[in-house]
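Peer 1: I'd like to ask some things about the structure below.
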Amino acid sequence: MGVVQRQGIKQSIVTWFGMALGAVNVFFIFPAALSTEQLGIIGFVRDSAIFLSPFLFWGGAELIVRFFPRFKNDATGHNGYLFLQQVIFGMGMAVLVPLFLIFQQPFLDFFGKKEPLYEAFTPFILPFAILITYAAVFSSHALNFKRAAMPALFNELTPKLGLMILALAFWLGGMSFSGIFWGQLVAYAFIVLAQIWYLHSLGELHLRPNFSFLKKPLLKEMATFGMFGLVGN
């Protein structure tokens, strides 16, 4: 059995286990521990963060996988490809963060008239988006080395298991509702660190740049692909 088949089977097991864990949360834990309004704001913050993710990394996972063969070179650390991904992410943050801060108040004014919880917890959207996207950068890079199971384990199980524990702690009176959001931020920060550790364990955490490899035609092609990816997402 080849590495792709093994990774596919392991990833399927993780996915199915994650679905089962999510079902337990949705049908049993969340209805008992949280009100409809609380469930709504948790979902709104998470989904809004996921919506912003393509603006933080233009082109997303497709760009990371699509251009890796052009950079692949074990002797040179893949010509600084992982470093370039950090640059793209940094550029996305430089654009999105000011826009989010500028338009945050009109956004809050619009939703706050409908539900006061929005004003209290909408500020969590941006840090959630940053952590979710940054974790996705490293997990997508791991796919270039035919490693899908472990990143899926972090991405699929950690948020669901973490939210289950946080909801139970809130239900039992051991945590405030705002603690659920702070706890989720800790969980996503853990995912980022876990993805970085995993790349390091594979010997593929190469962050040294190679500016001489970055020719204008290649950068233009990547920018065009990334823009189409942004629009598509």
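Peer 1: Filter segment 40-59 down to the residues that are over 15 Å from Pro123 (Cα atoms) and touching a helix residue (DSSP H, G or I) at 6+ places or on another chain (Cβ under 6 Å) and list them by number.
Peer 2: Selection gives Ser53, Pro54, Phe55, Leu56, Phe57, Trp58, Gly59.
Peer 1: Can you confirm whether segment 64-75 contains a residue that is part of a helix (DSSP H, G or I) and within 20 Å of Ala129 (Cβ to Cβ)?
Peer 2: We begin by selecting, within segment 64-75, every residue part of a helix (DSSP H, G or I); these are 64-66, 68-71, 74-75.
After this cut, where a residue has to be within 20 Å of Ala129 (Cβ to Cβ) as well, the list is 64.
Yes; the residues of segment 64-75 include at least one that is part of a helix (DSSP H, G or I) and within 20 Å of Ala129 (Cβ to Cβ).
Peer 1: Is it fair to say Phe27 is assigned to a helix (DSSP H, G or I) and surrounded by 13 or more Cβ atoms within 10 Å (Cβ to Cβ)?
Peer 2: Criteria not met by Phe27.
Peer 1: Can I ask one more? Specify the residue that is surrounded by the most Cβ atoms within 10 Å (Cβ to Cβ); the eligible residues are those in segment 51-81 that are on the phi > 0 side of the Ramachandran plot and under 16 Å from the mean Cα position of the chain (by Cα).
Peer 2: Gly59
Peer 1: For segment 32-40, does any single residue satisfy the condition of being small (Gly, Ala, Ser), over 23 Å from Pro151 (Cα atoms) and crowded, with 16+ Cβ neighbours inside 10 Å?
Peer 2: The answer is yes; a qualifying residue exists.
Peer 1: So if I check each of Tyr188, Tyr134, which one is of a type in the set (Phe, Trp, Tyr) and in contact with a Leu (Cβ under 6 Å, 6 or more places away or on another chain)? It would help to see each step written out before you state the result.
Peer 2: Working: Tyr134 fails: in contact with a Leu (Cβ under 6 Å, 6 or more places away or on another chain).
When all the criteria are applied, what remains is Tyr188.
Peer 1: Another question, if that's okay. Name the helices (runs of 4 or more DSSP H) wholly inside segment 135-233 in which the number of residues that are open to solvent by 50 Å² or more (accessible area, probe 1.4 Å) and within 19 Å of Thr15 (Cα to Cα) is 2 or more.
Peer 2: Correct list: 158-171.
Peer 1: If you go through segment 80-127 one residue at a time, how many are more than 28 Å from Ser178 (Cβ to Cβ) and of a type in the set (Phe, Trp, Tyr)?
Peer 2: First pass over segment 80-127, keeping only residues more than 28 Å from Ser178 (Cβ to Cβ): 80-88, 90-91, 94-95.
This time we only want the ones that are of a type in the set (Phe, Trp, Tyr), so: 81, 83.
Counting residues in segment 80-127 that are more than 28 Å from Ser178 (Cβ to Cβ) and of a type in the set (Phe, Trp, Tyr) gives 2.
Peer 1: What is the number of the single condition among (1) touching a Gly at 6+ places or on another chain (Cβ under 6 Å); (2) modelled with pLDDT under 90; (3) closer than 20 Å to Phe44 by Cβ that Gly229 does not meet?
Peer 2: All conditions pass for Gly229, except number (3).
Peer 1: Let me ask you something else. Are there any pairs with C-beta distances below 6 angstrom linking a residue in segment 61-83 that is without any contact (Cβ under 8 Å) to a residue 12 or more places away in the chain to a residue that is open to solvent by less than 90 Å² (accessible area, probe 1.4 Å), with the two at least 6 apart or on different chains, and if so which?
Peer 2: Short answer, once both residue conditions are applied: Asn73/Asn79.
Peer 1: Something else now. Sort out which residues of segment 73-89 are more than 15 Å from Leu214 (Cβ to Cβ) and either among the small types (Gly, Ala, Ser) or out of contact with any Leu (no Cβ under 8 Å at 6 or more places or on another chain) (or both), and write them in order of number.
Peer 2: Asp74, Ala75
Peer 1: List pairs: first residue in segment 162-188 and closer than 11 Å to Ile42 by Cβ and β-branched (Val, Ile, Thr), second residue open to solvent by less than 30 Å² (accessible area, probe 1.4 Å) and part of a helix (DSSP H, G or I) anywhere in the structure, Cβ distance under 8 angstrom, at least six positions apart or on different chains.
Peer 2: That search, which allows pairs on different chains as well, returns Ile180/Ile42; Ile180/Leu163; Ile180/Leu166; Ile180/Ala167.
The values are calculated or read from the model by the stated rules, or taken from the named source; none is laboratory data. In this text the structure is predicted, and so the values were computed from the model without any measurement. A quick note on method: Cβ atoms are made from the backbone with ideal geometry, for glycine too, and the neighbour counts reach across all protein chains shown. For the accessible areas, the whole protein counts, side chains as well, though only heavy atoms, and no ligand, DNA or RNA atoms are used. Shrake-Rupley method; radii C 1.70, N 1.55, O 1.52, S 1.80 Å.
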